[in-house]
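One structure is given here, and the rest of the page talks about it.
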Amino acid sequence: MLTPQYLFADITRITPQFLRQKGITALLLDVDNTLTAHGSQQLPRAVEGWLETMKQNGIRLLIVSNNTEQRVAPFADRIGVGHISMGCKPLPLGLARARRRLGVQRRQLALVGDQLFTDRLAGWNYGIPVLVVQPLAPDTHRGIRFRRHLEQPFIRRYFKKGGQLL
Ligand SMILES: [Mg+2]
């Protein structure tokens, strides 16, 4: 339940073709270290292009972040994507709210995020696939650095089971 099902080098590696193959039409997006560096309001140029590609391909997008409204709302508004802050991942509550807001079936939905103990586990709890991405920037937050350490056995397990870095 913590081992990634899919591990991407970064969010821009997720293609419309990949999503189409899996029947995924909507993505719930983590913010910190998935779309931008932790706490940053900057949108990397490559991620901006990726968001555009997703929108052009009819992929519905909604941000679900555990961070505060104050941190998430300005960023979400700037990139033109709806948002849910204080998402309570790994609990499935925020994901359920997001699914209702998007009006899609659970089988059409996937979560994109960088942390196994919040994002990966939330997807498992809610029964949707998680497209795990490698963190965008090195972690400066001590608590997160410690969790990264705890994530390593599960990352190794992904590769041992034949998983590729997508
Ligand atoms: Mg994150």
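A few comments on the model shown:
- Taking a Cβ cut-off of under 12 Å around residue 144, the surrounding Lys, Arg, Asp and Glu residues balance to a net charge of 0, with basic ones at +1 and acidic ones at -1.
- Dipole magnitude (debye, nearest 20) for region 104-166, charges at Cβ of Lys, Arg, Asp, Glu: 240 debye
- Over the chain, DSSP H runs of length four or greater, each weighted -39,500 (n - 2.57), average out per residue to a 222 nm ellipticity of -12000 deg cm²/dmol.
- Whole-number percent relative contact order across region 27-166, with pairs defined as alpha carbons under 8 Å at least 6 apart: 24 percent
- Ordering 66, 110, 14 by the projection of their Cα atoms onto the charge dipole of the chain, which places +1 on the Cβ of Lys and Arg and -1 on the Cβ of Asp and Glu, puts 110 at the extreme positive end.
- Of 123, 54, 80, farthest towards positive along the dipole that unit charges on Lys, Arg, Asp, Glu beta carbons give the chain: 123
- The chain - Debye-derived log10 I(q)/I(0), Cα point model, q = 0.16, 0.17, 0.19 Å⁻¹: -0.88, -1.01, -1.31
- Computed on region 87-166, with alpha-carbon pairs under 8 angstrom and 6+ residues apart, the relative contact order is 25 percent.
- Dipole magnitude for region 6-160: about 560 debye, using +1 per Lys or Arg Cβ and -1 per Asp or Glu Cβ, origin at the Cα centre.
- When each of 34, 3 is scored by the number of other beta-carbon atoms lying within 10 Å, the sequence from fewest to most is 3, 34.
Throughout, read-outs are computed from the coordinates displayed, never taken from laboratory work. On a predicted model such as this, the values are computed, not experimentally measured, just so you know. Every residue, glycine among them, receives a Cβ derived from its backbone with ideal geometry; neighbour counts consider all protein chains shown.
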